[in-house]
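A quick write-up on the structure given underneath.
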Amino acid sequence: MFNLRHWFTALAACGLCLTSPLLTPPSSAAIFDNQRVDERRFILLASPFGVEKRSYQLLIVEQLSNRRPCWQEYDGEPTRVDPLLFNFDFSDICNRLTDSNGYSLRIGSEDLGWRFILSVVPQGNELVLMANSPREPNVRIPIGRTRGLADGYLKIHLDEGWELTRRTYQNRPLGHIYLTGDPQLVSVPSGGPVGINSGPLPSDSLPPAEREIIITPLPPRTAPVPQPPQQRPLPTPPVDPTPSDRPLPPPERRIPTL
């Protein structure tokens, strides 16, 4: 017999998968589990973008089938990478994850994608994959690094204690990938990896009251709006006089003097 409750449960789970991790409330973190993946079929890239390609973002490429390679690595540090999937239709061959809809942060059994965003930032002579908290500017968790600087796409090597795992729901694998940290090994700020600085912001981190911008609405207008002054009409230009019908007088005759 068709179970309506099970149907609604599956539909709700599908909706949660499509929701951005940054919008997922903490109470839903326990809905998803994770499982390990074959990391040889994945590569993390510092992908250049912006003006003169001087900024970077995280790009994760997954090799779905062996029909064609999705990338090529070149020896050296940093490891330069040619993302071959840009040269052909990579449907069903490669999977490309470009933002928080495709990957997020997880430490131990806690899904932290709702609190942290992942970015690639320059640090010294390399690029570092960092987890940043929009609510806590001082909380920054390093995850991996390029081990050098160069132009183009660079491979990101995960730091010790980090691995890739796949999000699951009721033991069913999903497309979302976690950058998962071992709570016993990863470097995290004080407060522990589970519930990092959770709860409301401390009072000393809020801006002082005198720096707050308070917008006071204008009171309603009670007096009638004054009408603009009326412009005086311009005077009528004079009309040319009508020529007379009388004949003109003959010219004056002068008698010459001797």
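The values are calculated or read from the model by the stated rules, or taken from the named source; none is laboratory data. Keep in mind the model is a prediction, meaning the values are calculated, not measured. Because the Cβ atoms are built from the backbone with ideal geometry, glycine has one as well, and the counts that use them run over all protein chains shown. To get the accessible areas, we keep the full protein, side chains included, count just its heavy atoms, and leave off ligands, DNA and RNA. Shrake-Rupley method; radii C 1.70, N 1.55, O 1.52, S 1.80 Å.
Return a whole-number percent for the relative contact order of region 44-192, with Cα pairs under 8 Å and 6 or more residues apart as the contact set.
Numbers: 305 pairs, mean separation 33.2, N = 149.
So the answer I get is 22 percent.
Just how far, in whole angstrom, is region 34-108 from region 134-159 if you go by their alpha carbon centroids?
14
How much accessible area does Phe88 have with a 1.4 Å probe, in Å² rounded to the nearest 10?
We get 30 Å² for Phe88.
So between Arg36 and Ala150, what do we pick up on full extension, going 0.36 nm a residue minus the alpha carbon distance? Display every interim value, and only then the final one.
Working: separation 114, 0.36 × 114 = 41.04 nm, distance 3.09 nm.
Computed gain between Arg36 and Ala150 is 37.9 nm.
Which order do you get for Arg41, Arg54 if you rank them by accessible area with a 1.4 Å probe, largest at the top?
Numbers: Arg41 70, Arg54 160 Å².
Largest accessible area first, the list is Arg54, Arg41.
When N is the residue count of region 50-147, what does its C-alpha Rg come to as a fraction of 2.2 N^0.38 Å?
Taking N as the residue count of region 50-147, the ratio is 1.23.
Provide the net charge surrounding Arg115, with neighbours chosen by a C-beta distance below 14 Å and charges set as Lys +1, Arg +1, Asp -1, Glu -1.
Every neighbour counted, the sum reads 0.
Have a look at Pro173, Pro142, Ala131 and report the one farthest towards the positive end of the charge dipole of region 126-180, computed about the Cα centre with Cβ charges (Lys/Arg +1, Asp/Glu -1).
So the residue we want is Pro173.
What dipole magnitude, in Debye to the nearest 20, does region 39-153 give about its Cα centre under +1 on Lys/Arg Cβ and -1 on Asp/Glu Cβ?
Values: 14 positive and 15 negative charges, 30 e Å.
So the dipole magnitude of region 39-153 works out to roughly 140 debye.
For Asp159, Asp38, give the ranking by accessible area with the largest first, probe 1.4 Å. Mind dumping the intermediate values first?
On the way: Asp159 35, Asp38 65 Å².
These residues rank, largest area first, as Asp38, Asp159.
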